[in-house]
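Just below is one structure, and these are the notes that go with it.
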Amino acid sequence: MKSLPYFCRGDVVRGFGRGSKELGIPTANFPDTVVDNLPADITTGIYYGWASVANGDVHKMVMSIGWNPYYKNTKKSMETHIIHSFKEDFYGEILSIVIVGYIRPEKTFESVDALITAIYSDISEAKEKLDLPEYRSIKDDNFFRSLENNIMNGH
């Protein structure tokens, strides 16, 4: 995928409400405008990278891009699970992400438990890969340093 690493940001919007409530794995969702602007070579599937809320700390993340076949979504989504515990929701905040790698294609599951097991496996793989030097260095990219500065410079 030539488009990786892929840098983007947008407001956190309400998703389907399944991540936290049904799966116990909260996700931050991007609006359609961000999803619709993904490069064509970033196909649906599970990715990993770095994420920051507002001007906060940069954390590891895993992201689902696609239609979530288990739930039979009709609208493509980008759902980011930040590998960090937040005390409260951050709807309306700016989420900045860098997608650095691909884990697997999206697929359907026979049960919610099978889906949860797969997500935890994806999280584990993301954590390991993001410790590699070539990915760890992206955590310190200027993209995350100053939100206002980056917006003014069009990054």
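The values are calculated or read from the model by the stated rules, or taken from the named source; none is laboratory data. Since we're looking at a predicted model, the values are computed, not measured. No Cβ is skipped: glycine too gets one built from the backbone with ideal geometry, and neighbour counts run over all protein chains shown. When the accessible area is computed, the model is the full protein with side chains, heavy atoms only, and any ligands, DNA or RNA have been set aside. Shrake-Rupley method; radii C 1.70, N 1.55, O 1.52, S 1.80 Å.
Pairs of lysine residues in the chain that meet both criteria, 8 or more places apart or on different chains and Cα atoms under 13 Å apart, total 6. For the range 75-140, just say rounded, prolate or oblate: build the C-alpha gyration tensor, square-root its eigenvalues into a ≥ b ≥ c, call rounded for a/c under 1.5, and beyond that prolate if a/b exceeds b/c, oblate if not. The shape class here is oblate.
Ligands, DNA and RNA are left out, and with a 1.4 angstrom probe the accessible area of the chain is 54 Å² per residue. In degrees from 0 to 90, rounded to the nearest 10, what is the angle of the helix 112-130 Cα long axis to the longest principal axis of the chain? It is inclined by approximately 30 degrees. First check a/c for the range 1-63, with a ≥ b ≥ c the square roots of the eigenvalues of its C-alpha gyration tensor; if it is under 1.5, answer rounded, and if not, answer prolate when a/b is larger than b/c or oblate otherwise. Because a/c hits 1.5 or more and a/b exceeds b/c, the range 1-63 counts as prolate. Compared with the direct C-alpha span, the chain from Phe90 to Glu22 gains 22.6 nm at full extension, assuming 0.36 nm per residue. For the pair Met1 and Ala40, label points projected 7 Å from Cα toward Cβ lie 1.7 nm apart.
Across the accessible surface of the chain, with the other protein chains kept in place and a 1.4 Å probe, carbon and sulfur atoms take up 50 percent. Across the chain, the mean sequence separation of Cα contacts (distance under 8 Å, 6 or more residues apart), normalised by length, yields a relative contact order of 29 percent.
The charge dipole of the range 59-126, taken about the Cα centre with unit charges on the Cβ atoms of Lys, Arg (+1) and Asp, Glu (-1), comes to about 220 debye, rounded to the nearest 20.
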